[in-house]
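The values are calculated or read from the model by the stated rules, or taken from the named source; none is laboratory data. Values in this document were obtained by computation on a predicted structure and should not be read as measured data. Quick reminder, even Gly has a Cβ in these numbers, built from the backbone with ideal geometry, and neighbours come from all protein chains shown.
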Amino acid sequence: MPPRSYHEAVWEALPENLQPSDWQARRRFLLDRVGPGERVLDLGCGEGQFAAELQDAGAEVLAVDVAQEPLRRARAAHASLELALIACGGEWELPDTAFDVVWAGEVIEHVGDTAGWLSEVRRVLRPGGRLLLSTPAHPLLRRAAIALVPGAWERHFDPRGEHVRFYTRQSLEQLLDDFRFERVEVGGLGPPLVPRVLLGAAVRARF
């Protein structure tokens, strides 16, 4: 199945108007770090909830996704949003250094070509611009449970699942550092030893 067809099928199987997971905490994380008038790329916008919140807070938002179905839903729910379809891989049809902020909520774990994806993030961010993201967390205790609880490994790493990358705080920090992001900060949502979600913020180095 071609990548776009796969993503369309995933979205068509989901009920409409689902609230994003950890909505309030991720919304607060995002709005605390984006100012009015900043140009924001919501990368993997889904039904547009975060993009609409950013727009209401005074940001200029372009919300993009790799499938038409989430964009259709976003357009129906938030008619004033600027929406666009982008390629599943390779270079996006977006200008260089066009954005102050890129927000990628629960996206990076779905990306097969992580290097290519981060290279595109760097390309569209202005020097000194910020990448903000969230992704499921895999702390030590969670990894131990996955390894030791019968059936947990097979459920978590189901080869038919949508997630193709699995991050710890350390691996996410190292990845962003490797791609010349500065002031990398990765925190967690949930209990300190077993956070559910990683929240990352980093600044695109000028060179």
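Worth a mention:
- Contact annotation: residue pairs with Cβ atoms under 9 Å, 6 or more positions apart or on different chains, pairing a residue in region 177-199 that is under 18 Å from Val107 (Cα atoms) with a partner that is in a strand (DSSP E or B) and of a type in the set (S, T, N, Q), are Leu189/Ser134; Val197/Ser134; Val197/Thr135; Leu198/Ser134; Leu198/Thr135; Leu199/Ser134; Leu199/Thr135.
- For region 5-29, residues that are modelled with pLDDT of 95 or more, more than 22 Å from Ala202 (Cβ to Cβ) and of a type in the set (Phe, Trp, Tyr) total 1.
- When Glu38 is tested against (1) crowded, with 21+ Cβ neighbours inside 10 Å; (2) touching a residue at least 24 places away in the same chain (Cβ under 8 Å); (3) over 22 Å from Glu162 (Cβ atoms), exactly one condition is not met: (1).
- Enumerated strands (runs of 3 or more DSSP E) restricted to region 107-207, each holding at least 1 residues that are surrounded by fewer than 17 Cβ atoms within 10 Å (Cβ to Cβ): 125-136, 181-189
- Among (1) over 24 Å from Glu82 (Cβ atoms); (2) polar (S, T, N, Q); (3) not in a helix (DSSP H, G or I) - the single one Gln19 does not satisfy: (1)
- Selection within region 89-106 - in contact (Cβ under 8 Å) with a residue 40 or more places away in the chain, more than 9 Å from Val124 (Cα to Cα) and not in a strand (DSSP E or B): Gly89, Glu106
- Residues of region 1-16 that turn out to be surrounded by 14 or more Cβ atoms within 10 Å (Cβ to Cβ) and part of a loop (DSSP other than H, G, I, E, B), as a count: 0
- Test: residue in region 71-85 that is within 30 Å of Pro191 (Cα to Cα) and in contact with a Gly (Cβ under 8 Å, 6 or more places away or on another chain): no
- Enumeration of residues in region 50-80 that are surrounded by fewer than 22 Cβ atoms within 10 Å (Cβ to Cβ) and in a helix (DSSP H, G or I): Ala52, Glu53, Gln55, Asp56, Gln68, Glu69, Arg72, Arg73, Arg75, Ala76, Ala77
- Condition met for Asp32 (closer than 30 Å to Pro191 by Cβ, at pLDDT 95 or above and over 16 Å from the mean Cα position of the chain (by Cα)): yes
- You will find that of Arg160, Arg165, the residue that is closer than 22 Å to Ala67 by Cβ, at pLDDT below 95 and either touching a Leu at 6+ places or on another chain (Cβ under 7 Å) or of a type in the set (Lys, Arg) (or both) is Arg160 and no other.
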